[in-house]
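Each reported figure results from applying straightforward, stated rules to the coordinates on display, with no laboratory input. None of the values given here were measured: they were computed from a predicted structure. All Cβ positions, glycine included, derive from the backbone under ideal geometry; neighbour counts span all protein chains shown.
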Amino acid sequence: MLNNPAVVRRMTWDPGQASREVLLNREWIVTNGLGGYASGTISGAVTRRYHGLLIAALAAPLGRVVMWNHLSEFLRFNNDDVISLGGEERGGGQLNLKGADYLREFRLEDGLPIWTYHVRDLVFEKRVILPHLQNTVHVTYRILKGASRPRLELRPAFHFRHHEIPVNKGTAGPYKLTAVNGRYEIAPARPGFPALRMKLCSSESAFTIAAKKIPQVVYRIEQSRGYAHEGELWSPGFFYVDLTKEMTTTLIASTEKWEIVEVLDPKQALASECERRARLLDAAMPDAREGFGAELTFAADQFVITPAGRFEEAARAHAAGDEVRTVIAGYHWFTDWGRDTMISLEGLTLTTGRWLEAGYILRTFAYYIRDGLIPNMFPDGAKQGLYHTADATLWFFHALARYIDITNDRTTLKLLLPALIDIIEKHLRGTKFNIHVDPTDGLLTEGEKGYQLTWMDAKMDDWVVTPRRGKPVEINALWYNALQLLADWLDRTGSTATAQRYQKHAQRTRASFNQRFWFADGGYLFDVVDCNGQKETHDVSCRPNQIFAISLDHPVLDQERWRSVVDIVQNKLLTPLGLRSLSPDDPEYKPIYSGDLRSRDGAYHQGTVWAWLIGPFIDAWLKVHSDDKRGARKFLELFPVHLSDNGLGTISEVFDANEPHLAGGCIAQAWSVAEVLRSWVKTA
């Protein structure tokens, strides 16, 4: 085992000095490399539909399923004096946070959550791990100091349902409980979900059958987001064990077969996970091995997965000596998205030294190319992707270029070249969703009513908030970049005539772009031209999309205009946590991202700050400011602070456009982590 010092982020807790709201608002997450996870609040209370100690990633058509929702924890002294460690749900929506009186510290140690409690004379510790590539969770307790020897009682509670299903729907209890030789299985009365297998790893443990419903559990974040927020849980009884100083007690829950669950005892499972994490650091670039960079390396690991249940896909890959990998776009609710995967690939896999997996990801998505497009996303529990995107396929070229530059993997490039040519040809002739090159100016146009095809993709029923149909600025920057990359690759392989053909297309795109997108009166770039197919119309909205005309490997914008665009973006859109999606000067600007779904979607790309955009901004800024890395690093200064807020140890999806820039959306977002990590290493 590698002996790297632990990477630790601490949150100390003084119940006499701090509001208990902090314990409800800060969340933790651990993932299993399959898309499954465990997540909750520091307090132990469930406040989202996605909270639970085991959200298993199961084969289609199930997808991700909440298998273990909640755990009430008690210490019983002298058989009658009971202390709750927190998170106990009471009827009528009452939430017992008495355990906050005993919590002294929460910390992430190499990205793994650990709670420390002081109870009377005891110092008591809890930790949670998910063994890699298993739908299994270990919750471990041990006494660190103190003379008292209480009984530990653990009452699990359940509501089996898909993790997207509202908290008042799904498979309600009671459930069937089976017990054989210390092994316990909980299964719903109706078929459909697998059984949950549980055991308490201690020779002195026992289980008491005392079934009960826990009614009217209130999920406060669901309530604030305008969703169903009240449901019930069911518990079959409780485990208990009399603790000793030397004893470490672990409660295991799993959807795996018992042979898999028991292949490693809890001590071996923890050692294996620690060793795996040590190897993650050892493989990463030097500046991603220590401090903030190391924390983001662990955060990046959460998103790179072997998708559960895609057996046919795995069989095809294995036949070619390959593996299937993809990227979860964000936790808790995103699946794998093509756009997010390609934007994130460099930070998640290349910066962290996971080159082999980067190749797996690119080849995995290459298999799914249809009509010149890669999938926009794979729905949870589905085997086929949805293709409604105009930019994900162009980001594929960008990701492949970064991969080739670092790995020099000419075999993969040679393998993919026919598919890349087909993509470009399909775009030149026209493909789905009216994606095609306009023969009059060589610019790429897109748009179909009812679809949101760019990354600004908020949609509520039939309302597409920012349709951007026409010729969006970043789509054409990406199109030019893809043409240039393909021409370069073909030229290197000796296909000079074909390379020159695509080079001519690129030259025409560049000339038209600089003629048509420059907004002289504003000193920046139009966001869309030929809006909704109407010639010579322009969207003057000042948005961050223009930064890609500079930041990409092949900038489409003439260099003499770079500084003006970067200055405008810096003055109007830059915040300490990323770029606003719209200038505050715009009448459509929304300063706060909050409320129900319609309110949030209405603000999603109308001012809301996106952390991932800090990466391309820094790329462009460094091109203008002659590689002033020290100056660029200042744009990242607040991100290490953010790792102690919201989702601890990771980076949120979005932030309010106005100060204090409160976080919103997913607590852990792949491209946020990836682009901040990549930029952190780049500016070292």
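Listing for the model above:
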item: Zone residues, region 118-149, relative to ASN78, backbone N less than 20 Å from point 7 Å out along Cα-to-Cβ; result: 119-123, 146-149
item: Qualifying aspartates and glutamates (Cα of each under 19 Å from Cα of LYS169; at least 8 residues distant if same chain); result: GLU89, GLU222, GLU230, GLU232, ASP380
item: Coarse-grained scattering of region 95-233 at q = 0.18 Å⁻¹, given as base-10 log I(q)/I(0) from a Debye sum over alpha-carbon atoms; result: -1.40
item: Inter-label distance for THR440 and SER644, nm, one decimal - labels placed 7 Å from Cα along Cα-to-Cβ; result: 5.8
item: Two-site FRET efficiency, GLU312 against ASP461, from Cβ-Cβ distance with R₀ of 35 Å, rounded to 0.05; result: 0.55
item: Relative contact order of region 122-269, defined on C-alpha pairs under 8 angstrom at six or more residues apart (%); result: 32
item: Rg/Rh for the chain, where both radii come from Cα atoms and Rh is the Kirkwood radius; result: 0.99
item: Sites SER599 and ALA520 - FRET efficiency at Förster radius 30 Å, r taken between beta-carbons, to 0.05; result: 0.25
item: Global geometry of region 8-278, whether rounded, prolate or oblate, following the gyration tensor of its Cα atoms and the 1.5 cut on a/c; result: rounded
item: Mean shadow area of region 573-684, taken as a quarter of the surface of its Cα convex hull (nm²); result: 6.8
item: Chain lengthening between LEU386 and GLU262 when straightened (0.36 nm per residue, less Cα-Cα); result: 40.8 nm
item: Fully extended contour minus Cα-Cα distance, from VAL180 to VAL540, at 0.36 nm per residue; result: 122.7 nm
item: Highest average packing first - 426-435, 349-358, 633-642, Cβ atoms within 10 Å; result: 349-358, 426-435, 633-642
item: Karplus 3J(HN,Hα) series, Hz, for region 556-563 with 6.51 cos²θ - 1.76 cosθ + 1.60 (x for Gly, Pro); result: 7, 7, 4, 4, 5, 9, 4, 4
item: Ranked by how many other beta carbons lie within 10 Å on average, peptides 561-568, 129-136 from highest; result: 129-136, 561-568
item: Of LYS126/LYS245; LYS176/LYS199; LYS535/LYS590; LYS426/LYS449, those spanning more than 18 Å from alpha-carbon to alpha-carbon; result: LYS535/LYS590; LYS426/LYS449
item: Over 21 Å [Cα-Cα, region 352-439], rounded percent; result: 33
item: Nearby lysines by direct alpha-carbon distance to LYS629 (threshold 30 angstrom, same-chain neighbours under 8 apart not counted); result: LYS572, LYS682
item: Length-normalised contact order for the chain - Cα pairs under 8 Å, 6+ apart - percent; result: 11
item: Contour excess over end-to-end distance, with Cα ends at GLU275 and ARG120 and 0.36 nm allotted per residue; result: 52.4 nm
